[in-house]
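Quick notes on the structure that follows.
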Amino acid sequence: MGIFDFLTGEFIDVIHWVDDTRDTMVWRFEREGHEIKYGAKLTVREGQAAVFVHEGQLADVFTPGLYMLETNNMPILTTLQHWDHGFQSPFKSEIYFVNTTRFNDLKWGTKNPIMLRDPEFGPTRIRAYGTYTVRVKDPAKFLVEIVGTDGEFTMDEISFQVRNIIVQEFSRVISSSGIPVLDMAANTADLGKLIAAEVTPVLDSYGLEMPEFYIENISLPPAVEAALDKRTSMGLAGDLGKFTQYSAAEAMTAAANNPGQGGGMGAGLGMGMGMAMAQQMSNMAAAQPSGPWGSPAPAAPQPAAHAAPPPPPPVEHVWHIAVDGQTSGPFSKAKMGRMASEGELTRDTYVWTAGQDGWKKAGDVRELAQLFTILPPPPPGA
């Protein structure tokens, strides 16, 4: 072996890249003057691609494997340089290694709330966040569209742009989906697929793809969540009147079981709650309508917990009586009934109430005529 052959073997180039940063997407193989020896060995590992750029023009792209840089496996570069088949001189090119593995656990989220029209709540705002993965699909396009001449390009340099694309498409999809806010949690997987499908064409123009996209949470503003919690609590409580009475009874029992705690405070609290309950029951009894003879009317059935409230009771009329040119009253219907039974009120007695057109005989007024139908007939011989 001659000295020339020995030196030639010693200076054979070995071109490769070992990445230990886990966030580098593109790394340029640095060589002074960018001079590459003919016949150099190029090692491209799994999850990598090597892109040659010659005099500012994109040349050959090498996928994983071991290559001898010769004219037979560099067709584009050979064409650009007009090399002959036996050409063996060094050449100048830039070599960019592109990481084609997935970059995982990347975060996305809405900086500002998204306005949408909810079928149940009406106009409302929501926030959302989650994770996604991205990888380089087309190394040559990614180098041309995004990296340019950057010697070391990291994921942080493009993650902000990808987040903006995701939030834009998320806002558009979620606003037009028509899914109620309360049902979105059950449909995050389908929403994620829709959003990933909308983001894919944009990323494809950058030479990227999004293998996975996840929605971790969709939330309402704090004020809306507080109102929703209150509504849920009311639903759990059921009949609020019974719930209030039950809570008062529990407080009174606790105060009676702990007479030593708080001195007379517990007794005073229990007495106050007892008086409040008594007053409430008294008001309920007073609100019951009376019967035709002043006796309490049968208790109306209690409405269901979520039934609509009953209409207000009709206004009871009061009556004036005209006897011998003198008027007296006003009298309630119950009083008029007692007067009819005692003979002080007859069918021919003139009566008047608010809203009636002038004086009329009691027997001609439908509301009072029934007072005379329940009287016994005259005794025999009268």
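So which lysines can K193 reach, going by Cα to Cα under 30 Å and dropping same-chain residues fewer than 8 places off?
K107, K111, K137, K141
Rank by packing, highest mean first: peptides 168-178, 356-366, with packing defined as the count of other Cβ atoms within 10 Å averaged across residues.
168-178, 356-366
What distance in nm separates the simple spin-label points at T24 and T43, each placed 7 Å from Cα in the Cβ direction?
Distance between label points: 1.5 nm.
On average, how much area does the Cα convex hull of the range 103-220 cover when viewed from any direction, in nm²?
7.1 nm²
Evaluate the relative contact order of the range 319-373 (contact order divided by residue number), counting alpha-carbon pairs under 8 angstrom at least 6 apart; express in whole percent.
31 percent
In Å and from the alpha-carbon atoms only, list the Rg and Dmax of the range 319-373.
Both quantities, over Cα of the range 319-373: 10.0, 27 Å.
Each value in this text was obtained by applying a stated rule to the coordinates, not by laboratory testing. Since the structure is predicted, the reported quantities are computational estimates derived from the model, not experimental observations. Because the Cβ atoms are built from the backbone with ideal geometry, glycine has one as well, and the counts that use them run over all protein chains shown.
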